[in-house]
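Heads up: the structure comes next, in structure tokens.
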Amino acid sequence: MPGYRAHLGFGFFLGLITLAALFFWGIFRPSPETMALLMGLCLIGALTPDVDTDSKGQNLVYTLLILFDLFLIFKEQYKWAAILGFCAMLPALGHHRGWTHSWWAMLLIPLPILAAPVLLFHHSWQSVLPYYLALVLGYFSHLLLDRKFF
């Protein structure tokens, strides 16, 4: 079973190859800052499926969720802070390599990255789609390394 370093390494590799290909073919040419953010999201996605067990991935993901929840509270977005807090508890309902290691969780768990900016700040979904896809790609890399698609 791969550890967090293997998941980070493979997530980084897959993210880098994807960004390089998109850049090379002229499909998507973000700024260096945006590329760094996308790579960071890809790495977070690579660790996210392991939030259902005591792991380095769990520690990182929950630290980021706490910070985002505090941001929502500071912005007086209590409804969204409550929804985020509720969703953050859901992995405790399963066992390791349970529902968080499924293809549908790969699409569902990163969805707040797409939904929050659109619903809270009225951004277009097209402008935030790359961030959602970066998390999905990282998540996919984890499931692929864990052989959940075989």
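What follows draws every value from the coordinates through simple rules; no lab data is involved. In this text, all values refer to a predicted model and were calculated from it rather than measured experimentally. Backbone-built Cβ (ideal geometry, glycine too); neighbour counts: all protein chains shown.
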Selection from the stretch 128-146 of residues that are over 14 Å from Phe28 (Cβ atoms) and either within 16 Å of the chain's Cα centre (by Cα) or part of a helix (DSSP H, G or I) (or both)
Leu135, Val136, Gly138, Tyr139, Phe140, Ser141, His142, Leu143, Leu144, Leu145
What pairs come up if the first residue lies in the stretch 88-109 and is hydroxyl-bearing (Ser, Thr, Tyr), the second is assigned to a helix (DSSP H, G or I), and their beta carbons are under 6 Å apart, counting only those six or more places apart or on different chains?
Thr100/Pro49; Thr100/Asp52; Thr100/Pro91
I need every pair where a residue in the stretch 56-84 that is on the phi < 0 side of the Ramachandran plot has its Cβ under 9 Å from the Cβ of a residue that is in a loop (DSSP other than H, G, I, E, B), sequence separation at least 6 or different chains.
Lys56/Gly3; Phe71/Gln77; Ala81/Lys75
Does any residue of the stretch 120-127 turn out to be without any contact (Cβ under 8 Å) to a residue 40 or more places away in the chain, polar (S, T, N, Q) and not in a helix (DSSP H, G or I)?
yes
If Pro117 passes every condition in (1) in contact with a helix residue (DSSP H, G or I) (Cβ under 7 Å, 6 or more places away or on another chain); (2) surrounded by fewer than 19 Cβ atoms within 10 Å (Cβ to Cβ); (3) part of a helix (DSSP H, G or I); (4) touching a residue at least 40 places away in the same chain (Cβ under 8 Å) but one, which one does it miss?
(4)
